[in-house]
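Working notes for the structure below.
The numbers here are math on the coordinates, done by the rules we state, and not lab data. Predicted model, so just to flag it, every value in this text is computed and none were measured. Cβ coordinates were reconstructed from backbone atoms using ideal geometry, including for glycine residues, and neighbour counts include every protein chain displayed.
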Amino acid sequence: MRTLSALVLAVLVLAGCAGETPEGYPAQTSSAGVGEPEDTLPVLGAWVSQPVPETGRRLILTLLDDDTYVITDTCSEMPGRWDLRGGQVLLTPDERGVVHCGDDEDPPAELPAALTVDGGRLVPEGTGPVFSRN
């Protein structure tokens, strides 16, 4: 009888834990397509811009798999975070701002808040450089 009671208790405990989600992990939902993350693999890596009219330099935008980015003109760097939603790369500049090299006080470039993924290009919403896969 004790064995049967212990077995019933163990089944009840396990059944109660089956619906719980560990802390820090989002609960799984059955509604497909709603709020699901997009596959970021196609946009990861380095993207090179057309020459920027003001400087003639090309910018390099590197999207990393830890959701951070760095844009550089091979001298100054501007870090930030990025997200992929609705076919757009959304950029959020880092609060610390530009990491300057030497006496260059200008940021590499002003980027729009969103770049639309268009095949092998990232096209700015509004003004800004167009980036192509490196």
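For the range 41-133, relative contact order (Cα pairs under 8 Å, six or more residues apart, normalised by length) works out to 23 percent. How much length, in nm to one decimal, is gained on full extension between Arg57 and Thr92, taken as 0.36 nm per residue of separation minus their Cα-Cα distance? Here the answer is 10.4 nm.
Normalised by 2.2 N^0.38 Å, where N is the number of residues, the alpha-carbon radius of gyration of the range 41-133 equals 1.00. If you plug the beta carbon distance of Asp39 and Asp118 into 1/(1 + (r/R0)^6) with R0 = 25 Å, you get a FRET efficiency near 0.95. Taking a sphere under 9 Å around the Cβ of Gly87 and counting the other residues whose Cβ falls inside, with K and R at +1 and D and E at -1, yields a net charge of -1.
Phi angles of the range 127-134 translate, via the Karplus equation with coefficients 6.51, -1.76, 1.60 and θ = phi - 60°, into HN-Hα couplings of 9, x, x, 8, 10, 10, 4, 7 Hz per residue; Gly and Pro are given as x. Net length available on complete extension from Arg133 to Asp67 is 22.0 nm, with 0.36 nm assigned per residue and the Cα-Cα distance removed. Extension gain for Thr74 to Gln50 (0.36 nm times residue separation, less C-alpha to C-alpha distance): 7.2 nm. Under a model in which nothing but the beta-carbon of Lys, Arg (+1) and Asp, Glu (-1) is charged, the range 41-133 shows a dipole of about 460 debye around its Cα centre.
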